[in-house]
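Here is the structure we will look at.
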C-alpha cells in the first residue's frame with residue numbers, strides 16, 4: 001500500500017465549478033499535512049497547510065480527519081488558471097522533516 | 001520565486017557515468033532536501049542535509065550521496081547511473097517546516 005494515495009484523475013471541470021480532491025495516508029504518526037500545486041514541467045509550490053480544524057484560503061478549503069487518515073481539498077469557483085496537478089503531502093518526520101508525496105491529482109479547467 | 005536555484009537545468013548522461021547536481025538554498029535556510037520525481041509520479045524523498053550533515057534518508061541506494069557546504073548550498077551525486085535514474089531532481093530548502101522547491105534538474109540517462 002502506498003504511504004499517500006490520491007486519485008490521479010484527470011478531473012475535467014468547467015470554469016466556475018466546485019471540485020474536491022481526496023487523499024489518504026497510512027502512517028498514523030504523521031506530523032503535518034500540506035497541499036502542493038505543480039504546473040506542467042515546473043517545481044511543486046506550497047498551496048496550503050492542512051489543519052485538523054480545517055482551514056480556508058480564498059477559494060480553497062482544506063480538511064484533515066486524523067481518525068480516518070484522510071485529507072481533502074475543495075476548490076470553489078474554478079478558474080482556468082487552477083489547471084495543474086495537486087499533490088497531497090504528509091510529513092512523517094519526527095526529528096527532521098520527511099515529506100511523502102502522493103502521485104498527484106490532475107485538474108483541467110475548461111472554458 | 002522561491003530563491004532556490006539549481007544547476008544544470010538539463011543533463012544527458014550514459015549508463016555507468018557519474019553526475020553531480022547543485023542547489024543553492026534560499027537565504028537563511030539551513031536545511032536542504034533532495035527529491036527524485038519520475039514521470040507521472042510524485043517526488044520521492046532521497047535525503048536531507050542540516051548544517052552540513054545528512055539528517056534523514058529515503059529508500060535510495062548508497063550510490064546516491066550528497067554534501068552540504070557552510071553556505072548551506074548542496075550537491076547530489078549519483079554514481080553508476082542506471083536508465084531508471086532518468087527523472088526530475090528537485091531540491092528544497094527550509095528553515096522551519098515549509099519546504100521551498102527549486103526548478104529542478106532534468107536528467108536523462110541513455
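What follows draws every value from the coordinates through simple rules; no lab data is involved. All figures in this text were calculated on a predicted structure; none of them were measured in a lab. Quick reminder, even Gly has a Cβ in these numbers, built from the backbone with ideal geometry, and neighbours come from all protein chains shown.
To the nearest 0.05, how large is the calculated FRET efficiency for residue B:97 and residue A:29 if R₀ is 22 Å and r is the Cβ-Cβ distance? Efficiency, from the Cβ-Cβ distance: 0.90. Ranked for footprinting exposure by Cβ neighbours inside 10 Å, fewest first, A:51, B:72 give A:51, B:72. Based on the Cβ-Cβ distance of residue B:71 and residue A:94, what FRET efficiency does E = 1/(1 + (r/R0)^6) give at R0 = 35 Å, to the nearest 0.05? E(calc), rounded to 0.05, equals 0.80.
Looking at the square roots a ≥ b ≥ c of the eigenvalues of the Cα gyration tensor of the range B:21-68, which shape do they give, rounded for a/c under 1.5, prolate if a/b is larger than b/c, or oblate? Judged from the Cα gyration tensor, the range B:21-68 comes out oblate (a/c at least 1.5, b/c at or above a/b). Overall, the anisotropy analysis places the range A:19-101 in the oblate class: the square-rooted eigenvalues a ≥ b ≥ c of its C-alpha gyration tensor yield a/c not less than 1.5, with a/b not exceeding b/c. Most simply put, the range B:13-110 has about 95% antiparallel DSSP beta bridges, counting only bridges with both residues inside it. Based on C-alpha pairs under 8 angstrom that are at least 6 apart in sequence, chain A has a relative contact order of 37 percent.
With the simple spin-label model, which puts each label point 7 Å out from Cα in the Cβ direction, the residue B:17 to residue A:65 separation comes to 5.0 nm. For a test of the definition: using alpha carbon positions, the gyration tensor, and the 1.5 limit on a/c, classify chain B as rounded, prolate or oblate. Taking the square roots of the gyration eigenvalues as a ≥ b ≥ c, chain B is prolate.
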